[in-house]
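One structure is given here, and the rest of the page talks about it.
The values are calculated or read from the model by the stated rules, or taken from the named source; none is laboratory data. All values derive from a computational prediction rather than experimental measurement. Cβ placement follows ideal geometry from the backbone for every residue including glycine, while neighbour counts extend to all protein chains displayed. Accessible surface is based on the protein model in full, side chains and every heavy atom, while ligands, DNA and RNA are left aside. Shrake-Rupley method; radii C 1.70, N 1.55, O 1.52, S 1.80 Å.
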Amino acid sequence: MFCRHFCFFSLCLLLPTQRRCSLGHVSNTASLPGFENLTTGYNKYLRPYFGGEPVQIAMSLDIASISSISESDMDYTATIYLRQRWTDPRLVFHGNKSFTLDARLVELLWVPDTYIVESKKSFLHDVTMGNRLIRLFSNGTILYALRITTTVACNMDLSKYPMDTQTCRLQLESWGYDENDVIFTWLRGNDSVHGIEKLRLSQYTVERYYTLISKTQQETGSYPRLILQFELRRNVLYFILETYVPSTLLVMLSWVSFWITLDSVPARTCIGVTTVLSMTTLMIGSRSSLSKTNCFVKAIDVYLGICFSFIFGALVEYAVAHYSSSQKCAAKTPQEGPSNELTKDMEEVNIANILTCYRRNISFTSIEISSDNVNCNDLTMKTHEKIKRVLRNKMHRIIGYFTIQNPSNVDHYSKLLFPLFFMLANVFYWAYYLYF
C-alpha cells in the first residue's frame with residue numbers, strides 16, 4: 001500500500017508544469033488564470049489599448065484619518081485608501097471569478113502614474129508588508145489599492161481666525177500620461193468618497209465635501225485631474241473659553257477702579273498696571289500657536305486690541321482725574337511765606353512806578369509836543385505787547401474749555417461711558433465676523 005502511494009506522487013512530480021495532480025485526477029490549468037500564462041508576451045511598459053483609445057481609470061477614496069491641520073505651515077496630514085480600477089484586455093481569462101494576487105506582482109503589471117498634487121511629503125505603509133492590493137477579474141479589470149499617508153498644502157485665509165472656515169483640497173493627477181492616454185473619473189461621483197463624514201477633529205468640523213473633475217494645462221499637454229474639496233469650520237468654543245472670556249473679564253476688572261476714590265493712589269494704580277500686564281500676556285499667548293511670519297490681522301487680534309485699548313484707557317482716565325484733582329487742590333490752597341513777601345514787594349514797586357509816571361506827566365505838560373519828540377519804536381513795542389496780551393487771553397480761554405472743573409465727574413461719567421462703548425464695540429465685532 002505504501003509503495004503504491006509513493007509511486008503515485010512520484011508520477012505527479014515528473015509531469016510537466018502545465019499539468020497538476022490531485023488526489024483523484026490530473027487537471028489542465030487552462031480553466032484557471034495562471035499568472036505565468038497571462039503574462040506571456042505581456043509588456044508592462046505599454047499601457048492598455050496602446051496606440052488606440054485612452055484608458056478609463058475610475059477612482060474611489062476612503063479617508064481613514066486627518067491627523068493634523070497646521071495653520072503655521074498651512075497644510076494638513078491625512079491617511080487615505082486610494083483605489084483605482086481600469087480594464088486591461090491582455091489579462092482576460094475564462095470564468096466568473098476574481099483573484100487577489102500577491103502585491104509584489106504589481107511590478108509585473110502596468111499601473112497608472114497617479115500622484116497627489118501639492119503634496120509636501122507622502123509615504124506608503126509597509127508594515128508588516130507593503131499595504132497594496134492587486135485583484136484581477138475575469139474581464140481584465142484590475143483593482144489596485146494603496147494605503148497612503150500624505151501631507152498636502154492648504155492655502156488658508158486666517159483673517160477671521162478663530163471664526164474662520166477653511167477650504168482644502170485633495171487632488172489626484174496623472175504625471176506622465178495626458179488626456180489622450182488616460183481619462184480619470186470618479187467611480188460613483190460624491191459617493192466615491194467615504195469616511196470623511198465620520199471624522200472627529202480636535203478644532204474643526206467637516207461642513208461639506210464634493211468631488212470635481214478637471215484638467216490642468218501644462219507645457220507638455222493637458223492632464224486629467226480629480227479633486228476632492230472639503231470645507232472645515234473651526235470650533236470657536238475653545239477660543240471663547242481660552243481667550244475671549246478672560247480678556248472680557250480683565251476689561252471689567254479695570255472698571256473697578258472707577259468706584260475707588262481718587263485719593264487711593266496705590267489701589268487704583270495697582271489695578272490698572274495689573275490688568276495691562278495680564279492683557280499683554282494674554283495677547284502674546286494667543287499668537288504663540290501661529291507662525292511669527294504670519295502677517296494676517298486676525299479677528300482674535302482685533303478683539304484683544306479692543307480690550308487692551310479699554311484697559312489702557314481706564315489707566316489713563318485715573319491719571320487725568322488725579323492730575324486735575326491735585327491741580328484744583330493746589331489752586332485753593334492760600335500762598336504763604338516767601339510768596340506773600342514777593343507779592344508785597346511787587347505791589348510797592350507798582351505804586352512807585354505809578355507815582356513816577358504821574359510826576360513825569362506833570363513836568364511835560366508845559367513842554368510843546370512836536371513830531372520830533374515822538375519815538376516810533378515805543379509805539380511798535382506797545383502794539384506788540386497788545387497783540388501778545390490778546391493771544392495770551394485767547395489761549396487761556398481755549399485751555400479753560402478743556403480744563404476739568406470737577407475731577408470727581410471724570411469717574412462718574414467713566415462708569416457709564418466705558419461699559420456702553422465696550423458693549424457697542426462687541427456688537428459691531430461679532431456682527432461683522434459672524435455674518436459678513
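Can you tell me which of ASP164, ASP181, ASP191, ASP157 is open to solvent by less than 20 Å² (accessible area, probe 1.4 Å) and in the same structural domain as ASP62 (by the TED database)? If you could, list the steps in order and put the result at the bottom.
On the way: ASP181 fails: open to solvent by less than 20 Å² (accessible area, probe 1.4 Å); ASP191 fails: open to solvent by less than 20 Å² (accessible area, probe 1.4 Å); ASP157 fails: open to solvent by less than 20 Å² (accessible area, probe 1.4 Å).
Of the residues listed, the single one that is open to solvent by less than 20 Å² (accessible area, probe 1.4 Å) and in the same structural domain as ASP62 (by the TED database) is ASP164.
Within the stretch 231-271, the set of residues being in contact with a Lys or Arg (Cβ under 7 Å, 6 or more places away or on another chain) and buried (at least 16 other Cβ atoms within 10 Å of the Cβ) comprises SER257, PHE258.
Those residues that are of a type in the set (D, E, K, R), surrounded by fewer than 16 Cβ atoms within 10 Å (Cβ to Cβ) and at pLDDT 85 or above, I need them from the stretch 34-67; list them, please.
Here is the first cut: in the stretch 34-67, the residues of a type in the set (D, E, K, R) are 36, 44, 47, 53, 62.
Among the residues that remain, those that are also surrounded by fewer than 16 Cβ atoms within 10 Å (Cβ to Cβ) are: 36, 44, 53.
LYS44, GLU53, listed by residue number.
A quick yes/no check of all residues on (1) part of a helix (DSSP H, G or I); (2) in contact with a Lys or Arg (Cβ under 9 Å, 6 or more places away or on another chain); (3) within 17 Å of ALA64 (Cα to Cα); (4) of a type in the set (A, V, I, L, M, F, W, C):
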site: THR151; (1), (2), (3), (4): no, yes, yes, no
site: ASP157; (1), (2), (3), (4): no, no, no, no
site: THR167; (1), (2), (3), (4): no, no, no, no
site: GLN171; (1), (2), (3), (4): no, yes, yes, no
site: TYR177; (1), (2), (3), (4): no, yes, no, no
site: ILE183; (1), (2), (3), (4): no, no, no, yes
site: ASP191; (1), (2), (3), (4): yes, no, yes, no
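There is no residue in the stretch 284-293 that is among the β-branched types (Val, Ile, Thr) and surrounded by 16 or more Cβ atoms within 10 Å (Cβ to Cβ). What's the total number of residues in the stretch 194-221 that are open to solvent by 20 Å² or more (accessible area, probe 1.4 Å) and in a strand (DSSP E or B)? So the answer is 15. Screening LEU232 against (1) touching a residue at least 12 places away in the same chain (Cβ under 8 Å); (2) of a type in the set (A, V, I, L, M, F, W, C); (3) not in a strand (DSSP E or B) leaves a single unmet condition, (3).
For the stretch 159-187, what are the residues that are closer than 26 Å to ARG233 by Cα and touching a Ser or Thr at 6+ places or on another chain (Cβ under 9 Å)?
Restricting attention to the stretch 159-187, the residues satisfying the condition of being closer than 26 Å to ARG233 by Cα are 159-172, 186.
Within the stretch 159-187, PRO162, LEU170, GLN171, LEU172, TRP186 meet the criteria.
So in the stretch 91-136, with the set limited to residues that are in a strand (DSSP E or B) and open to solvent by 70 Å² or more (accessible area, probe 1.4 Å), which one is farthest from LEU226 (Cα to Cα)? Selected residue: THR100.
Restrict the check to the stretch 253-260 and report whether at least one residue is touching a His at 6+ places or on another chain (Cβ under 9 Å), in a helix (DSSP H, G or I) and not assigned by the TED database to the domain that holds ASN155. If you could, list the steps in order and put the result at the bottom.
Keep residues of the stretch 253-260 that are touching a His at 6+ places or on another chain (Cβ under 9 Å), which gives 258.
Adding the requirement that they be in a helix (DSSP H, G or I) leaves 258.
Restricting the remaining residues to those that are not assigned by the TED database to the domain that holds ASN155 gives 258.
Looking through the stretch 253-260, at least one residue is touching a His at 6+ places or on another chain (Cβ under 9 Å), in a helix (DSSP H, G or I) and not assigned by the TED database to the domain that holds ASN155.
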